[in-house]
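Some notes on the structure that comes next.
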Amino acid sequence: MFTRPQGLRDEDVVRGLGAGWGLAGAQVEYAPLGFGSYHWRVRRGSDRWFATADDLEARRWDAAEPLPLVARRLTSALAGSRRLRDAGLEFVVAPLPRPSGELVRTLGDRYVLALYPFVDGETPQEGAYPDRAARAAVVDRLAALHAVDPGHDSAALTDDFVLPHLAGLRTAMADPGGPWEGGPFAGSTRDLLARHAAPLADALERYRRLVASVVARGTGFVLTHGEPHPGNTIGTPAGLVLIDWDTLLLAPPERDLWGLVDEDPDVLELYRSLTGRQVDAEALQLYRLRWDLTEICLYVDLFRHAHRLSDDTVVAWSGLQEHLDPVRW
């Protein structure tokens, strides 16, 4: 996130690192990166780490979801990545356990802190992978991940295909003039939503049908990363590693593949040659559409409620315009 978290100071993070991981006296520097978690570079002497804090309120899938359930979803994914790393998948950058064995520490009622090893390497710029070699490297990692016996991680959660804040989106679509709490992007979001309400309703129905079809065919589920885009990779001397495993789920493999296939259809043959698995065209469509619909749901929920002008809301408004574009669907 580009904007610092509300109600969470650097001193709170330092105290959490000390109490949770024994890093008393660590120095932290806020890192305005990504969109989702908050990040800090951590240093004590010559040792370095990376810390993240997740806002449980922002990670709710609907306004009534209890925060302990949100925390369970997050910690389940992080624990799954730790088990993968411990099982020998060295490209998995997993959180470091506390002396107690736990992977996170809560900071108040709202935030969850995790600590990671510092990975020295290069992350590509946002957007597409720079070339086929880069795509091949990540497909190789995904093939290894998908080859893990799903029974290896009986605690992993399974994709239920639910769109977050869908009820709120449907309410806003049904009553565009209804009450919104207000903020700099509320009116523009309402106008954009009204302009594209009909094709958006069609897209939601098409998503429902795709889910029903994929579930009915019983497509095999595997452990998936969820967002293997360039921003979640780091190139190191030892090879490519994947970061940000907070979206790990048991799901059809197409959850990890659709974006790569969009960039280069040859990924289909490369993945088949590595795994012997045929890629399901409908499942690719499902996850491609789900990405747009999820972003729309999240951004509309953000702008229906009280918000302020910040670097993050500017990025969110740009994202909403990008994803709420019927040409993409």
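Each value in this text was obtained by applying a stated rule to the coordinates, not by laboratory testing. Quick caveat: nothing in here was measured; it's all calculated off a predicted structure. Neighbour counts run over all protein chains shown; Cβ positions are idealised from the backbone, glycine included.
Of Val92, Val315, Val28, which is the most mobile in a GNM of the chain whose springs link Cα atoms less than 10 angstrom apart?
Among Val92, Val315, Val28, the largest GNM mean-square fluctuation belongs to Val315.
Going by how many other Cβ atoms sit within 10 Å of their own, how do Glu65, Glu227 line up, fewest first? Write out the running numbers ahead of the final one.
Details: Glu65 16, Glu227 19.
Lowest count first: Glu65, Glu227.
Would you please name the chymotrypsin sites (Phe, Trp or Tyr not before Pro) within the range 84-189 that are DSSP coil residues with at most 15 other C-beta atoms within 10 Å of their C-beta? Walk me through the intermediate numbers first.
Values: sites: Phe91, Tyr111, Phe118, Phe161, Trp180, Phe185; in loops: Phe91, Phe118, Phe161, Trp180, Phe185.
Sparse-neighbourhood loop chymotrypsin sites (Phe, Trp or Tyr not before Pro): Phe118.
Report, by chain and number, residues whose modeled amide H sits under 5 Å from the one on Leu96, excluding near sequence neighbours (fewer than 5 apart, same chain).
Placed amide hydrogens put Leu115, Tyr116 under 5 Å from Leu96.
Taking the simple approach of a point 7 Å from Cα along Cα-to-Cβ for both Arg328 and Ala58, what is their distance in nm?
1.9 nm
What are the GluC sites (Glu not before Pro) within the range 121-191 that DSSP puts in a loop, where the Cβ has at most 16 other Cβ atoms within 10 Å?
Filter output for the range 121-191: Glu126, Glu181.
Comparing Ser46, Ser188, Ser318, which has the greatest mean-square fluctuation in the GNM of the chain with Cα pairs linked when under 10 Å apart?
Evaluated over the chain, the most mobile residue of the options is Ser46.
How much length is gained on full extension from Arg277 to Glu102, taking 0.36 nm per residue of separation minus their Cα-Cα distance?
Working: separation 175, 0.36 × 175 = 63.00 nm, distance 3.57 nm.
Result: 59.4 nm gained on full extension.
Looking at the square roots a ≥ b ≥ c of the eigenvalues of the Cα gyration tensor of the chain, which shape do they give, rounded for a/c under 1.5, prolate if a/b is larger than b/c, or oblate? Could the numbers behind the result be given before it?
Working: a/c = 1.68, a/b = 1.10, b/c = 1.53.
Note, shape of the chain comes out oblate.
Report the residues of the range 106-130 in range of a label on Asp266: point 7 Å along Cα→C-beta, backbone N strictly under 14 Å from it.
130
Normalising by the residue count of the range 69-172, find the relative contact order in percent from Cα pairs under 8 Å and 6+ residues apart. Could you put the intermediate results ahead of the total?
Numbers: 63 pairs, mean separation 25.3, N = 104.
Relative contact order here is 24 percent.
Taking only DSSP H segments of four or more residues, each worth -39500 (n - 2.57), what value at 222 nm results for the chain once the sum is divided by all its residues, to the nearest 500 deg cm²/dmol? Each step should come with its number before you reach the end.
Working: 10 runs with 143 residues, N = 329.
So the helix-based figure for the chain works out to -14000 deg cm²/dmol.
Any chance you could check the Cα centroid distance between the range 138-206 and the range 71-103 for me, in angstrom?
Using only Cα atoms to place each centre, the spacing works out to 26 Å.
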